[in-house]
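Contents: one structure, followed by commentary.
The values are calculated or read from the model by the stated rules, or taken from the named source; none is laboratory data. Keep in mind the model is a prediction, meaning the values are calculated, not measured. Here the Cβ positions follow ideal geometry from the backbone for every residue, glycine too, while neighbour counts run over all protein chains shown. To get the accessible areas, we keep the full protein, side chains included, count just its heavy atoms, and leave off ligands, DNA and RNA. Shrake-Rupley method; radii C 1.70, N 1.55, O 1.52, S 1.80 Å.
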Amino acid sequence: MIKVDNLSRQYGTLWAVKDLSFEIADGQVYGLLGPNGAGKSTTVKIMVGMMAATTGEITINGLNIKTDGNAIKANLGFVPESCALYENLTGREHLEMVCNLHHLPVEGIESQVTKLIELLDLKDAADKRIAGYSKGMKQKLLLAGGIIHNPRVLILDEPLSGLDANAQSLFRELIKEFARDNRIVIFCSHVLEVVERICDQLLIIDHGKKLTEGTPQQIMENQSVTTLGEAFNRLTGATDIDDQARGILRAIERGNGDNG
Amino acid sequence: MATMVKEPIDKRQLKTLLKASLKTDLRSSASRFGGERKSLLGIPPIAFVLLMYFMVSVMLASVIGIANDVFLGAFFVIGMQIVFIAITILLEFSNLILSPDDFPILAPHPVNSRTFFVAKMLHLAIYVTLLVISLGLIPAVVAAIKYKSVLLGPVMFLASWSSGIATALFFAVFYTLMLRLGNRERMHRYLSYLQLLMMFFIYGGYQFLPDVGRRMLALTKSGFDLSYLYLTPPGWFAAWPACLTGGISPAQVWAAIAGLVSLVVMYFLGISRLSIGYAQTLNETVEQQQSKSESKREVRGHPGIFNRLLQLFSAPEDRVVWQLMRKQFKYDNRYKLSVLMIIPLTLLYVYMGLKDGQVLADPFNVVAAVAKGGSNFTVYMALAFIPSMVIFGSAYSASYQAAWIYYTSPADRTRLVLASNRFATIFFCIPYLVFMCVLMTYFFGSILHAFLHCVVLFLVLLALVDLIALIAPRIPFSLPMKSGQRTGAMMITMFIPMIAVMVGMRILSRFGYGGVIGYGTIVCVLTLIVLLLSHLQRRLIPRRLAKQECLDG
């Protein structure tokens, strides 16, 4: 179980996250949604230990991220939004690195890495430098690195970007399988159709604060709409999307007319 | 693409391009929400380079002061400036000249070639002007005062500036030609070897500057014919101020014209290279080369000898860092260069310690050691700068964002920091110490003295490595490089160890090696210091690392 209690993070005078609280039960796929700059990435980075909270607490399976960081990380997998990898390593070397950082038994690393590489269709590229990988291949590699140590909690930040349709389906199934095994998956994405399909519970935030929490169905019912997209727009104040689009068109026409 | 002549310069685009390139170059790559990374001694890296060059300019000015000829003084100053500017461009600003990455960014926008070229030129000119101001202003002022000519100062500065611009354009042409002719990676490799070669100049320049000045002065006094100097590029530009001071010879006039012509030629060659059309060609070439080289590249799947050796080490953090250091060395040119730089430096210091018939003094022989003075202590300096250069080089990387993995895994970050220190000690310092031991056995004439001295040096080395980790604990390859940082680091690694080693070795040889008790005391004290530092590392580094956050650009 994950418990986030009054989490806040301040950058200078800006509060990226302010008094955010939520709980995630075992076996749940938990969606973290919000417009750009809402504080999703900051929340995730604090949860995985890349950043410190200004105030507030995070406990995962009873362990506090501040005091038991490494014990939590041993059972935590993370797939970041950016494809930040040491590009001079090969895919195989990257996965071996992850295994070493997680202190996996040395004798099992080679077979574990090879198995995962084959299952994720990375066999041909496994011994080539990451610098030559496509975005999708890097994403697969990041996913492999996120799960190779068999974590109980998996945090995915926009994991589907750059993947082809087959790989996306594979990822979605994998996420569901993870949750069925009573593990926790935290899923951050802007693709609301996917979120609606795979998440059991959703948290929508904006300006670092909680807007709503519940199942996709509950959120849609509360907002009296039929799609999650409409609910999201309504909650984040983007209700006049059509007007906004027309406004943009008018503005660029006017701007070019002025210049011409 | 329209021709250069027909296209007018778009002032707004020019301003935008120039602003963007300067910002990209100078803005620190700290986290998105601020939090500037601290640079060397808290000074921005580029400012640090300029400050160091300003100090060099004082030395250059002293050559103007002692030279009894305008041309000779100007030749020396401009010659040194050309070397310094070339090194700075190679080390820090090669992307500024022309990056194949420009095209994909600018191609979708209606930027014409002329605007692109002028923006590039101005960008280059700003840097060259800054460098020339820091290197050439004081010598120009000194020349004006010495020869009592108000015009001489500006002309000398103009000559310095023109030589700087010509050098920068020469490198633009050279760099792009090499990119077009060969594989990009191979070109980077060749460039790094060239940089390595030029390191001799920069370090040699500092060390031998006064010596060269004295020799040149002696040459002029002996009436030696220096007209062959007019054939060299520094001679072309040095002829400009020389033409002002009367007694103009035809050789001087031709040399001055050659300087002007070289500038014009470089300008027109530069136009063809710094155009957006050329950027397109370059981008296409590089893409083709990259796809070819990546498809050819197959890295061995099975662990080699190094990997098997690595597995013998118990700590996984060591395996991770050492593997990464090995791969970065193989493929990351910047890192490779920062490590290879150790070779010319070491050779230079060893040469300086042994030159002019000086020999390494046996520190157990107090009278001999004191009598030999300080210069032979330079052979010990490598011991100080080798670990600092390896450790410093291993902290920075273009892939610094990939360091998120250290923060999200249960790896012991203190061990990660110390792994690069151990790597520097085992693979660089200990081999040098063995080399020193051989050298000292030869000069001391006693293997026992050499061995005992090496024991002390080893303890000093361990203390120094521990101290580096304690002062600046850096997770390997987790920090972004900033322009000017490497040159600044080079300066630091040169001056600080120099002072520390000179003072330390003098104290050791005067008071420490007097007898068995003195030597024993030194060994015990050093051992205690090493133990104390190790203890402090275990206590303080985790605390400092706990405050560090992952930089994600």
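Quote to one decimal, in nm, the extra length available between B:LEU528 and B:LYS23 on full extension: 0.36 nm per residue of separation minus the C-alpha distance between them. Mind dumping the intermediate values first?
Numbers: separation 505, 0.36 × 505 = 181.80 nm, distance 4.86 nm.
Using 0.36 nm per residue and subtracting the Cα-Cα distance, I get 176.9 nm.
Along its principal axes, segment A:121-190 has C-alpha extents of 36, 27, 18 angstrom, given from the largest down.
With the Kirkwood sum run over all distinct C-alpha pairs, chain A has a hydrodynamic radius of 19.9 Å.
Which residues belonging to segment A:61-91 lose at least 40 Å² of 1.4 Å-probe accessible area when the assembly is complete, relative to their chain isolated? Buried by the other chains: A:ASN70, A:LYS73, A:ALA84, A:TYR86, A:ASN88, A:LEU89. Using 26 Å as the Cα-Cα cut-off, could you pick out the over-long pairs in A:LYS140/B:LYS23; A:LYS45/A:LYS135; A:LYS45/B:LYS547; A:LYS140/B:LYS336; A:LYS3/B:LYS547? Violating the 26 Å Cα-Cα cut-off are A:LYS140/B:LYS23; A:LYS140/B:LYS336.
Once the Cα-Cα distance is subtracted from the 0.36 nm per residue extended length, the B:MET55 to B:SER249 segment shows a gain of 66.5 nm. Between the beta carbons of B:LYS15 and A:GLU253, assuming R0 = 25 Å, the FRET efficiency works out to 0.45 to the nearest 0.05.
Residues of segment A:101-127 buried by at least 10 Å² of accessible area upon assembly of all protein chains, compared with the chain on its own (1.4 Å probe): A:LEU101, A:HIS102, A:HIS103, A:VAL106, A:GLU110, A:ASP127. On association of chains B and A, roughly 3500 Å² of accessible area becomes buried (total for both chains; probe 1.4 Å). Is the C-alpha gyration tensor of segment A:45-197 telling us rounded, prolate or oblate? Criteria: a/c under 1.5 is rounded; beyond that, a/b larger than b/c is prolate, otherwise oblate. Oblate shape, in that a/c is at least 1.5 and b/c is the bigger or equal ratio. Accessible-area loss of 10 Å² or more (1.4 Å probe, protein heavy atoms, chain alone versus all protein chains) is found in segment B:378-402 for B:SER399, B:GLN401, B:ALA402.
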